[in-house]
Amino acid sequence: FVASAEAVADTFALNTAYQLKSMRDVAALGLNGSVPNYRLFKALKEFFQEAGEGTELWLYGVSKSTQVSAWFEKNAGNPGPVESLLNASHGKIRGIFTIYTPSVEPVLTEEKMDPDVVAALATAQTLFEDYTSEKYAPYFTILEGYKFTGEAVGLPNLSAMDYNAVGVMIGNTEKQTESNQFGAAIGVFAGRLAKYPVRVNAGKVRNGALKPVKMYIKDTLVEDFDTESLYDLGYITLTTYAGRTGYYFMDDPLACNVSDDYHYLTHRRTINEAYRLAYQANLDFVLDEVPVNNDGTIQAWYAKTIESAVERLISTSMGADLSANPEDTRDSGVQCFVDKEQNIISTSKLNQVIKIRPYGYNRWIEVVIGFDITNS
């Protein structure tokens, strides 16, 4: 979590990374339900309620005078809040969730939510791309649809954007006007993701309803709001199902076109994990002695050694997160190919291609039903 916050004397400082595993750790920081840090405390409480005590979470507090879009930017060449938190975790963080409580509330004119959300989409995507290329530790970011007015018409269409590592959530556990809180139930979404493996959609019905007993879109109960209008625009939001009690996430779209391979967070999380493992597997071969043929190409047995090492680490580490065929013992859901024709003597560069097979998801189920009767 990166959150707008106020420091607590002797226990909680801003611009400092904290590792938490329970509400006991939250209490030790001096964070509680009082007004200055109410939204942060609420998010932490809802996270541990959903994910369970013992789940690892990292926290970084930021001045309330700073807009979210600036959290992802460097400051005079130094890492900003999000990058500082990523660095402090030494690559352990898989997802960034923002919790915004500004010192001065944004004033909207024609906008349907805080315009800084769109600006933050761009800065968050840029940091993701830069950090991934430099540190080989990809992650995703979930922003709040801050100060959503309750009108879907006029909202930015996220599905027309190109930010395939960033999503925006709309929906909360409190009415906006009663609590004067304009964000989203980020803790609930983060907790549900942390509770299950990367392949599992946050909205999987079989995993049961979310912990909160009431959830709202602005001031309207989710069941009384047209949340499909938000989903059609690419927002992460909530839904209910006839015959089932409780609330569910409708899906996990990110702010990009549906045709993008990483439009859904399940696919983004899956490829991120494979990326990290591919990096680790290949580290063992940096500046390794490469046996070559007379023409400088790689000997086949050595290429096979690398392929096997990469496939083994990804398949054993990700296990059921890959869609392997259980009827084929040779199918692990991952394939690595090393080009044996490349001239390693002249280039000193080893090129390889890795392919992983993700799961598909039943987003729609169409049924034809009728009587099984044959008239004579």
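Say the dipole of the chain comes from +1 at the beta carbon of Lys and Arg and -1 at that of Asp and Glu; which of Ala17, Tyr235, Ser376 then lies farthest toward its positive end? Of Ala17, Tyr235, Ser376, it is Ala17.
For the stretch 86-178, trypsin sites (Lys or Arg not before Pro) are listed when DSSP marks them as loop and at most 13 other Cβ atoms sit within 10 Å of their Cβ; the list is Lys92. Residues of the stretch 205-228 with an amide N closer than 18 Å to a point placed 7 Å from the Cα of Asn157 along the Cα-to-Cβ direction: 228. Over the chain, dividing the summed -39,500 (n - 2.57) contributions of all DSSP H runs of at least 4 residues by the number of residues returns a 222 nm mean residue ellipticity of -9000 deg cm²/dmol.
Charged neighbours of Gln49, selected by a Cβ distance under 11 Å, balance to +2 (K, R count +1; D, E count -1). Count Lys and Arg as plus one, Asp and Glu as minus one, and take only other residues whose Cβ is under 10 Å from that of Val198; the net charge is then +2. In the context of the full set of protein chains, the stretch 1-60 has a per residue accessible area of 44 Å² (1.4 Å probe). Taking 0.36 nm per residue of sequence separation and removing the Cα-Cα distance, the Ala309/Asp339 pair yields an extension gain of 9.3 nm. Close Lys pairs in the stretch 32-150, defined as Cα atoms under 29 Å apart and 8 or more places apart or on different chains, number 20. A dipole drawn for the chain from +1 and -1 charges on Cβ atoms has a positive end, and of Leu158, Gly191, Ala300 the residue lying farthest that way is Gly191. 7 Å from Cα along Cα→Cβ at both Lys21 and Ala9: what's the point-to-point distance in nm? Once both label points are built, they end up 3.1 nm from each other.
What FRET efficiency comes out for the pair Ala242/Asp219, r = Cβ-Cβ distance, R0 = 25 Å, nearest 0.05?
Once the sixth-power term is evaluated, E becomes 0.60.
Once the chain from Ala119 to Ala76 is taken as fully extended at 0.36 nm per residue, the excess over their C-alpha distance is 13.5 nm. Rounded to the nearest whole Hz, the Karplus-based 3J(HN,Hα) values (6.51 cos²θ - 1.76 cosθ + 1.60, θ = phi - 60°) of the stretch 175-188 follow the sequence 5, 5, 6, 6, 9, 6, 10, 10, x, 10, 7, 4, x, 5, with x at glycine and proline.
Could you please state how large a percent of the accessible area of the stretch 221-376 is carbon and sulfur, counting protein chains only and using a 1.4 Å probe? Reported share for carbon and sulfur atoms: 50 percent.
Across the stretch 243-258, computed HN-Hα scalar couplings (Karplus, 6.51 cos²θ - 1.76 cosθ + 1.60, θ = phi - 60°) run x, 10, 8, x, 10, 9, 6, 5, 4, 9, x, 10, 7, 7, 5, 4 Hz from first to last residue, x flagging Gly and Pro. The modelled label-to-label distance for the pair Leu283/Asn375, using points 7 Å beyond Cα in the direction of Cβ, is 7.3 nm. On full extension, the segment bounded by Ser63 and Val258 gains 66.6 nm, given 0.36 nm per residue less the C-alpha separation. Taking all protein chains into account, the per residue accessible area for the stretch 71-182 stands at 41 Å² (1.4 Å probe).
For the stretch 242-294, the solvent-accessible area of protein heavy atoms averages 51 Å² per residue (probe radius 1.4 Å; ligands and nucleic acids excluded).
I need the Debye-formula profile for the stretch 268-376: one equal scatterer per C-alpha, no solvent, reported as log10 I(q)/I(0) at q = 0.14 1/Å, two decimals. Relative scattering, expressed as log10 I(q)/I(0), comes to -0.66. For the stretch 131-239, which chymotrypsin sites (Phe, Trp or Tyr not before Pro) are in a loop by DSSP, counting at most 15 other Cβ atoms within 10 Å? Loop-located and lightly packed - Tyr136.
Within the shell of other residues whose beta carbon sits under 11 angstrom from the beta carbon of Gly246, the net charge comes to +2, with Lys and Arg scored +1 and Asp and Glu -1.
The values are calculated or read from the model by the stated rules, or taken from the named source; none is laboratory data. Note that this is a predicted model, so its numbers are computed, not measured. So basically every Cβ, Gly included, is an ideal-geometry build from the backbone, and we count neighbours across all protein chains shown. Protein only, heavy atoms only, side chains kept; ligands, DNA and RNA dropped before computing areas. Shrake-Rupley method; radii C 1.70, N 1.55, O 1.52, S 1.80 Å.
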